[in-house]
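Only one structure is covered here, and it is reproduced in the block below.
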Amino acid sequence: MDVKELVEKLNLTVLCSDELGRKVTGCYCGDLLSWVMSRAKEGDAWLTVMGNINSIGVAVLADVACIVLTENAALDDDALMRAKQNDVIVLRTDKNSYEIAAAISRLI
Amino acid sequence: MQDTVKLHFDVSGNDFTCAGEASGKIKRTLKQLGFDISLVRNVAIAVYEAEINMVIHADGGVIDVDIDSDCITVVLKDRGPGIPDIELAMKEGYSTAPENVRMLGFGAGMGLPNIKKYTDEMNIDTVIGVGTTITLKVYNK
Ligand SMILES: Nc1ncnc2c1ncn2[C@@H]1O[C@H](COP(=O)(O)OP(=O)(O)O)[C@@H](O)[C@H]1O
Ligand SMILES: [Mg+2]
């Protein structure tokens, strides 16, 4: 499944990036950046409420497929800018991480 | 790869907007040089953690990287407060990070353990009131 399909199936809002061809191969939930960085796998959809500039840095380092901000968590302006510079896909939903993770597990 | 590739970065303290820039650039450089993707990831994670520590705990510092075909060496030097008890600091979950930093997702107390986990050699040289120098080595096997 690619990010485009994820967006359509789960009705996610695209906050950053128009190139949604990246493959989603798994999912990781977490807000503590040290954990995410070392445990999230390349190609994971990362579900979090952390929408600050450091989340973008971690997404780049961990090579996740996309960030999904759950429960309508905010994306800071400087984070959006950094995401654009680094081609990080950022999505948003009003659902919580459990609901989205469960839905992803049914899709992949 | 014939010669050593050297990189240098200045990291400013308490500036979270730039934190991660050095590790990002190191990652890109290693990728371009054709290093194995898992080695690149290991180096990037370790340097990111150490870089963030300099920002949070030591008011910034400098990073020097030596890239050889068989070994990546990273030296992170700060003039921060030093680490009083290295053994305690190395414990998973131990953190003195203030609340405002925790709100950003840092302060899990996993930084130093992560650095250890993702490098082949890690040396901490610290003097109270003078600063800390962390030297990391990752071998290209
Ligand atoms: N460069 C440094 N200068 C001074 N103290 C440091 C430095 N790096 C780490 N420390 C100390 O070691 C502790 C553990 O570091 P770490 O494992 O990275 O956890 P965290 O950064 O999440 O607190 C820190 O909370 C801090 O007290
Ligand atoms: Mg740390």
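The values are calculated or read from the model by the stated rules, or taken from the named source; none is laboratory data. Model, not experiment: these values are computed from the prediction. Note that each Cβ is placed from the backbone with ideal geometry, even for glycine, and that neighbours are counted across all protein chains shown. Heads up: the accessible areas ignore ligands, DNA and RNA and are worked out on the full protein's heavy atoms, side chains in. Shrake-Rupley method; radii C 1.70, N 1.55, O 1.52, S 1.80 Å.
A few comments on the model shown:
- Of residues in segment B:97-116 being more than 7 Å from chain A (Cβ to nearest Cβ) and assigned to a helix (DSSP H, G or I), the one nearest to ligand 2 (Cβ to nearest atom): B:LEU112
- Selected residue (only one of B:THR96, B:THR126, B:THR119 is open to solvent by less than 40 Å² (accessible area, probe 1.4 Å), within 21 Å of B:GLY60 (Cα to Cα) and among the hydroxyl-bearing types (Ser, Thr, Tyr)): B:THR126
- Residue match in segment B:80-96 (condition: more than 8 Å from ligand 1 (Cβ to nearest atom) and hydroxyl-bearing (Ser, Thr, Tyr)): no
- Of all residues in segment B:102-121, exactly one satisfies the criterion of being more than 8 Å from ligand 1 (Cβ to nearest atom), in contact with a helix residue (DSSP H, G or I) (Cβ under 7 Å, 6 or more places away or on another chain) and either β-branched (Val, Ile, Thr) or over 28 Å from A:ASN52 (Cβ atoms) (or both), namely B:THR119.
- Summed over segment B:90-120, the residues that are of a type in the set (Val, Ile, Thr) and farther than 14 Å from B:ILE52 by Cβ give a count of 1.
- Of all the numbered requirements in (1) within 16 Å of ligand 2 (Cβ to nearest atom); (2) aliphatic (A, V, I, L, M); (3) modelled with pLDDT of 95 or more, B:ILE128 misses one, and that requirement is (1).
- Cβ pairs under 6 Å, 6+ apart, first in segment A:65-83 and over 13 Å from A:VAL14 (Cα atoms) and in contact (Cβ under 8 Å) with a residue 24 or more places away in the chain, second open to solvent by 10 Å² or more (accessible area, probe 1.4 Å) and not in a loop (DSSP other than H, G, I, E, B): A:ASP78/A:ILE53; A:ALA79/A:ILE53; A:ARG82/A:ILE53
- Residues that are more than 15 Å from ligand 2 (Cβ to nearest atom) and touching a Phe, Trp or Tyr at 6+ places or on another chain (Cβ under 7 Å), drawn from segment B:66-96: B:ASP70, B:CYS71
- Only a single criterion out of (1) aliphatic (A, V, I, L, M); (2) crowded, with 23+ Cβ neighbours inside 10 Å; (3) more than 8 Å from chain B (Cβ to nearest Cβ) is not satisfied by A:MET50, namely (3).
- Among the residues examined, B:GLY82 qualifies as part of a loop (DSSP other than H, G, I, E, B) and away from chain A (no Cβ under 14 Å).
- Search result, residues across segment B:9-25 that are more than 9 Å from every other protein chain (Cβ to nearest Cβ) and outside any loop (DSSP other than H, G, I, E, B): B:PHE9, B:ASP10, B:VAL11, B:SER12, B:ALA22, B:LYS25
- For segment A:1-21, a residue qualifies if it is touching a residue at least 24 places away in the same chain (Cβ under 8 Å), open to solvent by 30 Å² or more (accessible area, probe 1.4 Å) and in a strand (DSSP E or B), and the qualifying residues are A:THR13, A:VAL14, A:LEU15.
- In segment B:122-141, the residues that are more than 12 Å from ligand 1 (Cβ to nearest atom) and β-branched (Val, Ile, Thr): B:THR135, B:VAL138
Yes or no, residue by residue, for (1) under 23 Å from B:VAL130 (Cβ atoms); (2) in contact (Cβ under 8 Å) with a residue 12 or more places away in the chain:
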{"site": "B:ILE37", "(1), (2)": "no, no"}
{"site": "B:VAL40", "(1), (2)": "no, yes"}
{"site": "B:VAL43", "(1), (2)": "no, yes"}
{"site": "B:VAL47", "(1), (2)": "yes, yes"}
{"site": "B:ASP59", "(1), (2)": "yes, yes"}
{"site": "B:ILE72", "(1), (2)": "no, yes"}
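- Of everything listed in (1) within 14 Å of chain A (Cβ to nearest Cβ); (2) crowded, with 17+ Cβ neighbours inside 10 Å, the single unmet condition for B:ARG28 is (2).
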